[in-house]
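Contents: one structure, followed by commentary.
The values are calculated or read from the model by the stated rules, or taken from the named source; none is laboratory data. In this text the structure is predicted, and so the values were computed from the model without any measurement. Neighbour counts are summed over all protein chains in view; Cβ atoms, including those assigned to glycine, are modelled from backbone coordinates with ideal geometry. For accessibility, only protein heavy atoms count, side chains too; no ligands or nucleic acids. Shrake-Rupley method; radii C 1.70, N 1.55, O 1.52, S 1.80 Å.
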Amino acid sequence: MGGWPTDTGSYHLGDLRLQSGDILPDARLTWKTHGTLSAARDNVVLYPTSYSAQHPDLEWLIGPDGVLDPTRWFVVIPDMFGNGLSTSPSGTPAWPGLVTTWDNVHAQRRLLADLWGIERLHAVYGWSMGAQQAYHWAALFPEAVERAVVVCGSARTATHNRVFLKGLLAVLEAAPEYRGPGRFLSEPKAALRAFGRIYAGWALSQDFYRANLHEVALGAPDLETFLRSDWEERFARRRAADLYAQLQTWEASDISANDRYGGDLDRALGAITARVLLMPGETDLYFRVADNAAERSRLRTAALTPIPSIWGHRAGNPAGIPADAAFLKNAVRAWLET
């Protein structure tokens, strides 16, 4: 890919004790790197994956002219637990239940230290669930993070966001193939079709549909085709058990839900020493500008830079959206260099 070094691998953590006290057996993280680690190990940008995404899905923004420049930074993409590449329910009969964002970032810290001797990050960059991981890194390891770029994410999953997630969980649980907890006798094809259609109403804004962008910008001949090709088929590529598990991770995400902060969100935000760039989408239905604005007031050093877009949540991952991609690139590149 491109004219810069890349590498991939799988890091084995053994039987991993989780935040809950349960064990994730034979846990492993898959990963990919872009660029070259400097001798001083001071050019590392960690880029965790988002909901249902695998690292190839997110590489589009890496490049000399992209958001993350691999000729300048050593970009490490760790796949989240439950995404089908790192340890996931679909390949783990003894899946323990809830695997939290806390569990993911602690595993990632071991990965960085053991494979490359990395103890400090120039930045952690993430979108959506990746942004939740970026926030966790900044709160749980304040001495290890210089900058955090939170794109369409929040420190704690908001109640309105949780309503959406509980609706998706209920769709999967209502499938005749569901045998609980979070397990299926076979892939629930009808439920996954419904899942995709519900998702389409949340991931993109009302303004997006009012402007008919599913046809004008994305080339769908009609709404039915758009829902089928962009949403039903998207989630059909993933296993239902994995989708279910990551929904649970998303819903439970909270930087203060741990022994260090005891549920005190203000204290967790106040402990962050990293310079935090908050980039919500102006029309995002999951992670609202108001949530980030409230967080901004509690952070030591932070900027709130909403993305002016009608693409809803997609504005934070704007592959094929030139205006939003340019806005993201300019803001992130400036933040990484200051």
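A few points about this structure:
- Restricting D284, D291 to residues that are within 22 Å of L140 (Cβ to Cβ) and not polar (S, T, N, Q) narrows the list to D291.
- Those helices (runs of 4 or more DSSP H) of the stretch 237-299 in which 1 or more residues are under 18 Å from the mean Cα position of the chain (by Cα) and of a type outside the set (A, V, I, L, M, F, W, C) occupy 240-252, 289-296.
- Boolean, F208 is in contact with a Phe, Trp or Tyr (Cβ under 7 Å, 6 or more places away or on another chain) and either basic (K, R) or over 30 Å from P142 (Cβ atoms) (or both): yes
- Matching residues in the stretch 1-33 - criterion: being aliphatic (A, V, I, L, M) and surrounded by 14 or more Cβ atoms within 10 Å (Cβ to Cβ): L13, L16, L18, I23, L24, A27, L29
- Of the residues making up the stretch 15-57, those that are in a strand (DSSP E or B) and either farther than 20 Å from D242 by Cα or among the charged types (D, E, K, R) (or both) are D15, R17, D26, R28, K32, T33, H34, V44, V45, L46.
- Meets criteria (open to solvent by 70 Å² or more (accessible area, probe 1.4 Å), without any contact (Cβ under 8 Å) to a residue 40 or more places away in the chain and over 22 Å from H214 (Cα atoms)) for R260: no
- The residues in the stretch 267-289 that are open to solvent by 60 Å² or more (accessible area, probe 1.4 Å) and more than 19 Å from V149 (Cα to Cα) can be counted, and the count is 1.
- Scanning the stretch 34-55 for residues that are surrounded by fewer than 22 Cβ atoms within 10 Å (Cβ to Cβ) and either more than 19 Å from the chain's Cα centre (by Cα) or within 21 Å of E146 (Cα to Cα) (or both) gives T36, L37, S38, A39, A40, R41, D42, N43.
- The set of residues from the stretch 1-35 being among the polar types (S, T, N, Q) and farther than 14 Å from T100 by Cα comprises T6, T8, S10, T30, T33.
- Residue check for S229: of a type in the set (G, A, S) and either more than 28 Å from Q19 (Cα to Cα) or not in a loop (DSSP other than H, G, I, E, B) (or both): yes
- Among the residues of the stretch 124-170, those identified as in a helix (DSSP H, G or I) and surrounded by 24 or more Cβ atoms within 10 Å (Cβ to Cβ) are M129, G130, A131, Q132, Q133, A134, Y135, H136, W137, A138, A139.
- Residues that are among the β-branched types (V, I, T), open to solvent by 60 Å² or more (accessible area, probe 1.4 Å) and part of a helix (DSSP H, G or I) do not occur anywhere in the stretch 219-226.
- Flag if E173 is out of contact with any helix residue (DSSP H, G or I) (no Cβ under 8 Å at 6 or more places or on another chain) and either of a type outside the set (K, R) or surrounded by 15 or more Cβ atoms within 10 Å (Cβ to Cβ) (or both): yes
- Residues in the stretch 75-94 that are over 19 Å from the mean Cα position of the chain (by Cα) and either open to solvent by less than 10 Å² (accessible area, probe 1.4 Å) or among the hydroxyl-bearing types (S, T, Y) (or both): S90, T92.
- Residues (of a type outside the set (S, T, Y) and open to solvent by 40 Å² or more (accessible area, probe 1.4 Å)) located in the stretch 290-305: A290, D291, A293, A294, R296, R298, R300, L304
- For the stretch 308-332, a residue qualifies if it is in contact (Cβ under 8 Å) with a residue 60 or more places away in the chain, outside any loop (DSSP other than H, G, I, E, B) and crowded, with 20+ Cβ neighbours inside 10 Å, and the qualifying residues are G312, H313, R314, A315, G316, L328, V332.
- Annotation for the stretch 56-69: no member residue is touching a residue at least 60 places away in the same chain (Cβ under 8 Å), open to solvent by 40 Å² or more (accessible area, probe 1.4 Å) and in contact with an Asp or Glu (Cβ under 8 Å, 6 or more places away or on another chain).
- Residue check, R234 charged (D, E, K, R) and either more than 19 Å from the chain's Cα centre (by Cα) or at positive phi (or both): no
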